[in-house]
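Right, one structure below, let's go through it.
Any read-out appearing in this document is the output of simple, stated calculations on the displayed coordinates, not a laboratory observation. Nothing here was measured: the structure is a model prediction, and the numbers come from that model. Cβ placement follows ideal geometry from the backbone for every residue including glycine, while neighbour counts extend to all protein chains displayed.
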Amino acid sequence: MNWNSGIRQFHRWTSIVFVVAVIFNTVMLVLGRQATWVGLTALFPLILLMITGLYMFALPYLAKSRTPSPARDAA
Ligand code: HEM
């Protein structure tokens, strides 16, 4: 498994953790037991998703700028 597919797998599984945390937040909200730490259980995986997601978003553009393109170089 290379570095990029490792990041993709991490993003994939963190998304499941995030979904569970959102459900947990909703249950705690309905029970009237809001607390800062409850909110943080969703915020932490969301921040990890944002960092890995933005990295994956940038990958195709980084790959293009690293691979020499004859058409672009000729222009
Ligand atoms: C917070 C900001 C997020 C950003 C910037 C982001 C960005 C991305 C990007 C760029 C991809 C790759 C798309 C491609 O195939 O080219 C991706 C894949 C994916 N994202 Fe996110 N994402 C974010 C949050 C989330 C959240 C909240 C979830 C679900 C709870 C999620 C679930 C997924 C899944 C399941 C994939 C597919 C992974 C795979 O191919 O195995 N992402 N995301």
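Adding -39500 (n - 2.57) for every DSSP H run of four residues or longer, then dividing by how many residues the chain holds, sets the calculated 222 nm ellipticity at -29500 deg cm²/dmol.
Working from Cα positions, state the angle (0 to 90°, nearest 10) between the long axis of helix 36-66 and the longest principal axis of the chain. So the helix axis and the longest Cα principal axis differ by about 10 degrees. Contact order, relative form, for the chain: 39 percent (alpha carbon pairs under 8 Å, 6 or more residues apart, mean separation divided by residue count). Spacing of the modelled spin labels on ALA58 and ARG8, each 7 Å from Cα toward Cβ, amounts to 1.9 nm. Modelled label positions at LEU29 and LEU48, each set 7 Å beyond Cα in the direction of Cβ, lie 2.2 nm from each other.
Between 0 and 90 degrees, the angle of helix 3-30 with respect to the longest Cα principal axis of the chain falls at about 20 degrees. Of the trypsin sites (Lys or Arg not before Pro) in the stretch 1-47, the ones in a loop by DSSP (not H, G, I, E or B) with at most 10 other beta carbons within 10 Å are ARG33.
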